[in-house]
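Submitted below is the structure of interest, expressed as structure tokens.
Each reported figure results from applying straightforward, stated rules to the coordinates on display, with no laboratory input. Note that the structure is predicted; figures quoted are calculated from it, not measured. For neighbour counting, all protein chains shown are included, and Cβ atoms are generated from backbone atoms with ideal geometry for every residue, glycine included.
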Amino acid sequence: MAKRKDLLAMKPKKIAVIGGGSSGWMAAAYLNAALNRNGKTVAEISLVESPDVPRIGVGEATVPSINHILSVIGISEGDFLKRVDGTFKQAIKYVSWLENDGSAYYHPFNRFRGSPIDRSGLNWLMSDRSVPFAHTVSAQPALCDANLSPQMAGPWDFGPPLTYAYHMNALQFADLLRDTSTARGVRHYVDHVTDIEMADNGDIAAVITRDGLRLDADLFIDCTGFAALLIEKKLGVDWVDCSQWLLCDRAVTLHVPYDHHYPGYVRPYTTATALDAGWVWEIPLQSKRSLGYVHSSAFISDEQAEAELRRFEGKHADTLDARIVPFKVGHRAKSWVRNCIAIGLSGGFIEPLESTGLYLSDLATVMLAEHFPYGDDFEPLAFRFNRIMANRFYEILDFINLHYCLSRRHDTEFWREIQKPERVTDRLQAKLAYWRMKPPSPTDFQDQFFPGMPNTALPSGGFAGDHRSPKDAGGIFGVDSHEAILYGMDFLREECSQWYGEDRPPTQIAEIIASRLKLAPQKLPPHDMWLQRAVGMPVYKSASAPSGNAGRQ
Ligand SMILES: Cc1cc2nc3c(=O)[nH]c(=O)nc-3n(C[C@H](O)[C@H](O)[C@H](O)COP(=O)(O)OP(=O)(O)OC[C@H]3O[C@@H](n4cnc5c(N)ncnc54)[C@H](O)[C@@H]3O)c2cc1C
């Protein structure tokens, strides 16, 4: 086997990225920045995107891991926010998920820990629940309620930083990555791939385009979205369907420009409001609000969904154009097969409730840089890559499933169906049974095997004996996120009455959070004001409050 030093001295590997959506450009930009350093070219990267197949155009809310991608690529926060119509996201607010009554809870990115053994979850369970859980462990829910920015106008002097992600225009994000990558040497072809040429050993040899380009490479990254041109259409790798557990398969989207209707503020968080057959996202940008009703076509037609979304938003939405975006929930049996790696929607998709689409693309890209095949032996690297991607996929699937299955809504067929036991994954059922015995704690997430969980084989393949590892210590959603959803959904209410009686003490907010919140209005400007001053967001005239969720503070 060649030594690593010799491998680095080898001639650059050719990488062909097929597809120029967010995942294609993220892969091209990140691999270029991460691999080609110190004046050395390890990878020669080309990207081809079709002029005929538009990008999916959704994918506007992110999680904080996007900061890693941006910093490796070398895009500053200011440039990013200006180029992508960007705003801050500190949390997701869930409205009407437990009951159909407008009640809400937050899943914030920041969490305060009072002591090395954190008892805040347990303390909340032992209290009368008079304050929502997330408000007792994080300043962010109250900062979000007040529409405050997570950044100060001047230099930061407000204690530990507030963790945040961003909202952005997905098309402009891909454009920004395209401009950054091509300026640094990534070759860009706008052409439609019509054929794929195979090598004798079963690898992909080249892609052929309509205009006669033959693009050969050592490694092909399939970023063609749900079309999955290389991984599925050519290599025949199966799609593992997961629609049994997540019923939604379409979104109807609307954009509400602020010069058409400005509610008077820019929320520093995403709102997810449960509707009759799914839920609607509200994503505030600098120029507009983006809405999307994620729904199940088995329970509502596109026309009914569009009408419900328009009613939700209010009269002013009547004149706005709506668009239908179909999708499917599942993953590729293996994301990396031979010299082809599926990244983005071609590799898998879980519905957008916790904004994990771009996260999975970004994880795959970062892992590919770490598992980069400098030599010719791809197999062990691909094996590890596929296992981690499959583990992470199922962790997220369970977590999204959790949001639905604890609901007490029975007002529509959709909500009755989604709570049936067969709609809840075996793993999640085992986790919930375990957490009914013992509330969740950090070590639960170092070993995601739970008593009663069947040790079923995963179709992620690999070597003989491959099955899902019980361990996935690097998961995205740990104890903090699980507590936010579980307790936001009023988990263990009956058990706590039995364990601790009915007469429990009032819920306390940690002193450090209360004192931070007292200072917050002096330190943190309103989100819209910060955007106007720092990145030039226009000043809009406020409309009267709309009748939908946009009107509620
Ligand atoms: C309803 C919905 C909401 C979502 N919301 C979020 C969210 O809030 N947050 C989040 O993180 N993720 C979200 N996602 C996921 C996110 O949109 C995707 O992960 C992201 O946009 C990446 O898409 P992509 O690049 O894989 O595919 P696409 O954007 O579909 O790009 C496919 C590319 O392949 C090219 N192509 C196709 N065929 C050919 C061909 N023959 N020749 C050459 N090129 C070709 C196309 O031209 C295009 O450039 C959402 C997804 C859906 C469906």
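Taking Cα pairs under 8 Å and at least six residues apart, what relative contact order does the range 201-254 come out at, in percent?
This gives 16 percent for the range 201-254.
Enumerate by residue number the GluC sites (Glu not before Pro) in the range 19-107 meeting two conditions: DSSP loop (anything except H, G, I, E, B), and at most 14 other Cβ atoms within 10 Å of the site's Cβ. List each step's numbers first, then the result.
Numbers: sites: Glu44, Glu49, Glu60, Glu77, Glu99; in loops: Glu60, Glu99.
Qualifying residues, ordered by number: Glu99.
With the crude spin-label approximation of a point 7 Å out along Cα→Cβ, what separation in nm comes out for Ala514 versus Ala153?
If labels sit at Ala514 and Ala153, their model points lie 3.0 nm apart.
Sticking with this structure for a sec: Sort the following peptides by mean Cβ neighbour count (other Cβ atoms within 10 Å, averaged over residues), highest first: 299-311, 331-343, 241-253, 153-165. Could the numbers behind the result be given before it?
On the way: 299-311: 17.5, 331-343: 26.0, 241-253: 19.3, 153-165: 13.8.
Descending packing order for the listed peptides: 331-343, 241-253, 299-311, 153-165.
Summing -39500 (n - 2.57) over the DSSP H runs of n ≥ 4 in the chain and dividing by its residue number, what mean residue ellipticity at 222 nm do you reach, to the nearest 500 deg cm²/dmol? Don't jump to the answer; show the numbers that get you there.
Values: 17 runs with 177 residues, N = 553.
When only DSSP H runs of four or more count, the value is -9500 deg cm²/dmol.
What order, most packed first, do the peptides 175-188, 214-227 have when packing is the mean number of other Cβ atoms within 10 Å of each residue?
On the way: 175-188: 18.0, 214-227: 22.4.
Top of the packing list down: 214-227, 175-188.
Using only the Cα atoms of the range 267-401, what semi-axes does the equivalent ellipsoid have when each is the square root of 5 times a gyration tensor eigenvalue? Give whole Å, largest first.
36, 15, 12
What is the ratio of the Cα radius of gyration of the range 88-237 to 2.2 N^0.38 Å, where N is its residue count, to two decimals?
Details: Rg = 24.8 Å, N = 150, 2.2 N^0.38 = 14.8 Å.
Normalised Cα radius of gyration, the range 88-237: 1.68.
Can you give the % of DSSP beta bridges in the range 1-121 that are antiparallel, to the nearest 5? Write down the numbers at each step before the final one.
Values: 5 of 11 bridges.
In the range 1-121, DSSP labels about 45 percent of beta bridges as antiparallel.
Follow-up question, since we're still on this one. Of Lys233/Lys328; Lys328/Lys431; Lys288/Lys315; Lys89/Lys288, which sit over 19 Å apart, Cα to Cα?
Numbers: Lys233/Lys328 17 Å; Lys328/Lys431 25 Å; Lys288/Lys315 17 Å; Lys89/Lys288 15 Å.
Violating the 19 Å Cα-Cα cut-off are Lys328/Lys431.
Is the shape of the range 181-222 rounded, prolate or oblate, going by the alpha carbon gyration tensor and its root eigenvalues a ≥ b ≥ c, with a/c under 1.5 for rounded and a/b larger than b/c for prolate?
Oblate.
Let me ask something else about it. Answer rounded, prolate or oblate for the chain, using the Cα gyration tensor with square roots of eigenvalues a ≥ b ≥ c: rounded when a/c is under 1.5, else prolate when a/b is larger than b/c, else oblate. All intermediate terms of the calculation are to be shown ahead of the outcome.
Details: a/c = 1.58, a/b = 1.35, b/c = 1.17.
Note, shape of the chain comes out prolate.
While we're looking at this one, here's another question. What whole-number volume per residue, in cubic angstrom, does the convex hull of the C-alpha atoms of the range 346-451 give? If you can, show how the numbers build up before the last one.
On the way: hull volume 14.6 nm³, N = 106.
Here the figure is 138 Å³ per residue.
Based on Cα positions only, what radius of gyration and what Dmax would you give for the range 69-163, in angstroms?
16.5, 48
In nm, to one decimal, how far is the modelled label at Gln522 from the one at Thr41, with both set 7 Å along Cα→Cβ?
5.7 nm
Taking a ≥ b ≥ c as the square roots of the Cα gyration tensor eigenvalues, with a/c under 1.5 meaning rounded and otherwise prolate when a/b beats b/c, else oblate, which class fits the range 192-263?
oblate
Next up: Could you state the per residue volume, in Å³, of the convex hull enclosing the Cα atoms of the range 1-144? Before the final figure, lay out the partial values.
Values: hull volume 35.3 nm³, N = 144.
Each residue corresponds to 245 Å³ of Cα convex hull volume.
So how tilted is helix 302-313 from the main axis of the chain? Cα-based, degrees 0 to 90, rounded to 10.
50 degrees
Looking at the chain, what % of its DSSP beta bridges pair antiparallel, to the nearest 5? Kindly include the intermediate steps, with their values, before the conclusion.
Details: 50 of 71 bridges.
Roughly 70 percent of the beta bridges in the chain run antiparallel, per DSSP.
Which three lengths, in whole Å and largest first, does the range 10-51 cover when its Cα atoms are put on their principal axes?
33, 16, 10
Below 29 Å, Cα to Cα, which lysines can Lys11 reach? Residues fewer than 8 away in the same chain don't count.
Lys3, Lys40, Lys234, Lys334
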